[in-house]
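The values are calculated or read from the model by the stated rules, or taken from the named source; none is laboratory data. Everything numeric here is computed off the predicted structure, so don't read it as measured data. Don't worry about glycine lacking a Cβ; one is built from the backbone with ideal geometry, like all the others, and counts go over all protein chains shown. Remember, those area values only see protein heavy atoms, side chains included, never the ligands or the DNA or RNA. Shrake-Rupley method; radii C 1.70, N 1.55, O 1.52, S 1.80 Å.
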Amino acid sequence: MRAVIRRDKRLVCDEIAELTPGAGQVLVKTLACGICGSDLHALHSMEHMIDLSRRAGGAMDSGFDPTADTVFGHEFCAEILDHGPGSTKALKAGTRVVSVPVTMHNGGVEALGFSNLLPGGFAEQMLLTEAMVLAVPNGLPTDKAALTEPFAVGAHAVAKARLEPKSVSLVVGCGPVGLAVIAALKAKGHGPVIAADFSPRRRAAAEKLGADIVVDPAVENPHDRWEALGVPRARAAQSMMRMMGNAIAQPVVFECVGFPGVVQALIEAAPAGAQIVVAGVCMETDQIEPSIAITKEIELTFVFGYTPEEFALTLNQLAEGVIDVDGLVTGKVGLDGVAQAFSDLGDPEAHVKILVQPNG
């Protein structure tokens, strides 16, 4: 079967071995698979990513060879083709499914999209663990179902935030992670939500997902909005408000950029006592000045991935229309178009999300 393979830091279309489902597995046809920011990083910097993961004791510390052929793709919707031995067959062939992108295989766990043994969603077919697949409910279109995985990332970031009923949130960076955070905040009824991004296209997407205030940082400092929303930035002003009997809800900043220097800039600009939830994945060594964070009692919370429960919740929210992702898929390509799509995604004005359709 055909797949797009990372080989020698390039993307090439080639034939790979056909798949046969083992015990507890299902063979699926990939219907659609999103291109993730981590895929863009991994194309040229896979070795560094895996080194960082191993140093963190992460899931990729499993003998994975970043220099060997790898088929990316972990944001997918697929269709069941066949079941392996001993399967329950609770979901019949033809059922559209999504899954947390890991598969139990040969006594171990393979992270789909970062595996030498199993292909991810940039292949015509995949092997999934039967017990982990979820049927796509309510006739949710395939394109939207494929967004379950990236939007679950936002659900996890919001779950880790110490939000109160009247909390004000600032989302810095409205790429896929920031948009997922905005969607999760609004799905839980939180607001006001300030969204900040230099890209007009991303700001428009943030507004569509429910951001209450959308700011272009080139024109306005988003931190200038805190005061008008009842959150003084200085500790002295906060103390004065409390002495006058006025409560201050927890301010929360979501860092969804992932570039060096952003966390330090937020420590300096955020209100005293703010929680900064770091969801942007910075792959480089960064630097902060702890004294400023200490003086302001800033809380840093680092988040990654999601739980199976958050994944399932996100699927249901998409299916029920709680999260409306209409218009976020701005491009679709077959396997032959994947390499160009990686290049196109370097321009935030060109696309929000591109889906790969290996069998399209």
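At-a-glance table
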quantity	calculated
Alpha carbon convex hull of the stretch 95-252, projected area averaged over orientations, nm²	12.9
Portion, in percent, of the accessible area of the chain that falls on carbon or sulfur, probe 1.4 Å	54
Contour minus Cα-Cα distance for Ala131 and Cys282 (0.36 nm per residue)	51.1 nm
Per residue accessible area in Å² of the stretch 236-360, where ligands, DNA and RNA are left out and the probe is 1.4 Å	48
Accessible area (Å², per residue) of the stretch 109-155, counting only protein heavy atoms and a probe of 1.4 Å	27
C-alpha center-to-center spacing [the stretch 180-226, the stretch 107-155] in angstrom	28
Only Lys, Arg (+1) and Asp, Glu (-1) charged, at Cβ; the chain dipole about Cα centre in debye	760
Cα convex hull of the stretch 5-107, projected area averaged across orientations, nm²	7.4
5 angstrom amide H check on Val278, placed H, neighbours 5+ away	Glu255, Thr301, Phe302, Val303
Modelled FRET efficiency - R0 56 Å, Lys166 with Thr88, Cβ distances, 0.05 increments	0.75
Filtered trypsin sites (Lys or Arg not before Pro), the stretch 185-217: DSSP coil and at most 15 other beta carbons within 10 Å	Lys188
Options Ala90, Thr67, Cys33, ranked by Cα towards positive dipole end of the stretch 16-90, top entry (Cβ charges)	Ala90
DSSP bridge pairs, the chain: antiparallel proportion in percent, nearest 5	60
Links that overshoot a 31 Å alpha carbon limit, given the list Lys296/Lys353; Lys29/Lys186; Lys9/Lys208; Lys144/Lys188	Lys296/Lys353; Lys29/Lys186; Lys9/Lys208
Under 11 Å, Cβ to Cβ, from Asn359 - net charge with Lys/Arg +1 and Asp/Glu -1	0
Point-to-point label distance, Asp69-Val12, nm (Cα→Cβ direction, 7 Å offset)	0.9
Gyration tensor verdict on the stretch 189-296 (Cα atoms; rounded if a/c is under 1.5, prolate if a/b is larger than b/c, oblate otherwise)	oblate
In the stretch 21-116, trypsin sites (Lys or Arg not before Pro) in a DSSP loop with at most 16 other beta-carbon atoms within 10 Å	Lys89, Lys92
Farthest positive-ward along the stretch 315-360 dipole, Cα basis, beta-carbon charges - from Gln357, Thr330, Ala319	Gln357
Potential lengthening between Arg242 and Thr330 on full extension [0.36 nm per residue; Cα-Cα distance subtracted]	27.0 nm
Correct choice for Cα extents along the principal axes in Å that was computed from the model, options (i) 60, 46, 38; (ii) 68, 48, 43; (iii) 69, 41, 37	(iii)
Segment Leu229-Ile292, length gained on full extension (0.36 nm per residue, minus Cα span)	20.3 nm
Listed residues Leu43, Val257, Val168: farthest to the positive end of the dipole of the chain (Cβ charges)	Val168
Cα long-axis angle, helix 37-55 against the chain (0 to 90 degrees, to the nearest 10)	80
